[in-house]
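One structure is given here, and the rest of the page talks about it.
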Amino acid sequence: MTRAVLIGDIHCYQLWVAPWQLLGKRILGQINLWKSRRKRFDAARLDVVVQKALRLGPELLLLSGDFSTTAMPREFEQAITKLKPLTDAVQQVLAVPGNHDRYTYLATRSQLPRHYLGDWMPAKFPAMIPVSKSWSVLMLDSAVPRKITSRGELGQEQINQLIRLLDATADGQNIIVLCHYAIGNPPAFSRMKHNHQLAEQQALIDILGRAAKRLNIIFTHGHVHYPWAWPRDEGFFDLNSGSPTMMDPHFPHGQGFWELELDDKDVAQTCLTHHVLQGSFDNPKWTQTQFRPIK
């Protein structure tokens with residue numbers, strides 16, 4: 001059995017930015033940060049998540065993107081520093097960038113995410129990375145810079161290669177897809193806005209749905225700041241990381257993280273556990289909710 005931890009949407013931020021760094025969309029991002037985001041996100045929440053995750057003894061760490069808020073170097077540095085006890089302890093770290101990590105065209109041209117996260121990213125996306133005897137992680141890069149919207153994009157070349165990788169995978173294999181963008185949301189949630197979606201959302205749903213007829217697939221992602229575990233009608237399981245640093249009425253101490261117990265001998269015993277602090281601010285306690293993604 002391989003134990004993995006999934007964390008996403010950390011969103012470290014920098015309140016004070018030099019005027020010459022307020023390029024393009026970052027102006028809007030900083031206005032939003034001062035107006036509301038700084039009141040909802042607290043990077044200190046990540047520290048307790050890291051300590052809890054360490055106690056589980058994971059071998060694998062999956063990071064679904066949005067380490068930063070407006071793709072500033074100090075934001076990446078803060079996120080990496082806070083994650084360091086965990087990244088040092090595990091055997092393998094796999095990461096994909098989020099849209100906030102490519103918030104500006106300059107950050108994208110200078111390959112800022114790869115500069116800071118390169119050791120955890122493949123040389124080229126998509127990539128199929130074996131992580132145990134019977135489990136692999138299929139990594140997708142869905143983050144692109146936009147002038148105004150937060151719309152993601154894989155691009156046709158990545159879509160074509162994704163299809164080839166899945167077609168080349170033997171029947172009955174177990175795949176964790178690691179992507180930043182969600183591809184829809186559970187029926188109980190309001191539909192994602194068009195300017196927040198992945199451009200190829202339906203295409204990716206169709207591709208994974210076809211592959212799920214012969215493969216066991218868990219689609220892991222972030223982007224939508226609310227954790228969920230969703231057995232989809234298309235035949236694969238949808239796992240949203242949530243944001244460990246975001247506080248809201250449902251999650252006053254942050255949205256926690258996921259533990260994945262990946263069973264090699266009996267895949268039906270694979271277990272997903274959501275760990276989250278609940279209760280009063282004076283005496284919060286860790287709670288766990290478990291799901292079996294594969295029948």
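Within region 124-149, the set of residues being closer than 18 Å to ARG102 by Cβ and modelled with pLDDT under 95 comprises PRO145, ARG146, LYS147, ILE148, THR149. Candidates LEU83, LEU60, LEU33: the one that is out of contact with any Cys (no Cβ under 9 Å at 6 or more places or on another chain) and within 16 Å of TYR116 (Cβ to Cβ) is LEU83.
Of the residues making up region 129-144, those that are of a type outside the set (S, T, N, Q), crowded, with 18+ Cβ neighbours inside 10 Å and either part of a loop (DSSP other than H, G, I, E, B) or within 17 Å of the chain's Cα centre (by Cα) (or both) are VAL131, VAL137, LEU138, MET139, LEU140, ASP141, ALA143. The single condition from (1) among the hydrophobic types (A, V, I, L, M, F, W, C); (2) under 18 Å from the mean Cα position of the chain (by Cα); (3) at negative phi that ALA71 fails is (3). Determine whether region 181-190 contains at least one residue that is of a type in the set (Phe, Trp, Tyr), in a loop (DSSP other than H, G, I, E, B) and at pLDDT below 95. Among the residues of region 181-190, at least one is of a type in the set (Phe, Trp, Tyr), in a loop (DSSP other than H, G, I, E, B) and at pLDDT below 95, which makes the answer yes.
Of all residue pairs spaced 6 or more apart or on separate chains, those with beta-carbon atoms under 9 Å, a first member in region 88-104 that is in a loop (DSSP other than H, G, I, E, B) and at pLDDT below 95 and a second member that is among the polar types (S, T, N, Q) and surrounded by 18 or more Cβ atoms within 10 Å (Cβ to Cβ) are TYR103/SER68; TYR103/THR69; TYR103/THR70; THR104/THR70. Taken over region 51-76, the criterion of being among the charged types (D, E, K, R) and over 25 Å from PRO126 (Cα atoms) is satisfied by LYS52, ARG55, ARG74, GLU75. Take PHE257 and tell me if it is more than 18 Å from ASP42 (Cβ to Cβ) and modelled with pLDDT of 95 or more. So PHE257 does not fit the description; no.
Candidates in region 246-268 are the residues that are touching a Lys or Arg at 6+ places or on another chain (Cβ under 8 Å) and within 14 Å of GLN290 (Cα to Cα); of these, the one that is surrounded by the most Cβ atoms within 10 Å (Cβ to Cβ) is PHE257. Do we have LYS193 as surrounded by fewer than 22 Cβ atoms within 10 Å (Cβ to Cβ), among the basic types (Lys, Arg) and under 28 Å from THR2 (Cα atoms) here? Criteria not met by LYS193. Is it the case that some residue within region 53-63 is of a type in the set (Asp, Glu) and either in contact with a Phe, Trp or Tyr (Cβ under 6 Å, 6 or more places away or on another chain) or assigned to a helix (DSSP H, G or I) (or both)? Checking region 53-63: not a single residue is of a type in the set (Asp, Glu) and either in contact with a Phe, Trp or Tyr (Cβ under 6 Å, 6 or more places away or on another chain) or assigned to a helix (DSSP H, G or I) (or both). Residue count for region 212-245, restricted to those that are buried (at least 19 other Cβ atoms within 10 Å of the Cβ), over 14 Å from the mean Cα position of the chain (by Cα) and either in a strand (DSSP E or B) or of a type in the set (S, T, N, Q) (or both): 4.
In region 145-178, of all residues being of a type in the set (D, E, K, R) and not in a loop (DSSP other than H, G, I, E, B), the one that is nearest to PRO113 (Cα to Cα) corresponds to GLU157.
Being under 13 Å from PRO97 (Cβ atoms), small (Gly, Ala, Ser) and surrounded by fewer than 22 Cβ atoms within 10 Å (Cβ to Cβ) holds for only one residue in GLY118, GLY152, GLY184, and it is GLY118. The residue that is farthest from ASP9 (Cα to Cα), among those in region 252-295 that are assigned to a loop (DSSP other than H, G, I, E, B) and touching a His at 6+ places or on another chain (Cβ under 6 Å), is PRO284.
Of all residues in region 37-68, those satisfying the criterion of being on the phi > 0 side of the Ramachandran plot and within 16 Å of the chain's Cα centre (by Cα) are GLY65, ASP66. Taking the criterion of being among the charged types (D, E, K, R) and either surrounded by fewer than 12 Cβ atoms within 10 Å (Cβ to Cβ) or within 14 Å of ASP66 (Cβ to Cβ) (or both), the residues of region 28-39 that qualify are LYS35, ARG37, LYS39.
The values are calculated or read from the model by the stated rules, or taken from the named source; none is laboratory data. Treat the numbers as computed from the prediction; the structure is a model and nothing was measured. Here Cβ is always computed from backbone atoms with ideal geometry, including for glycine, and neighbour counts include all displayed protein chains.
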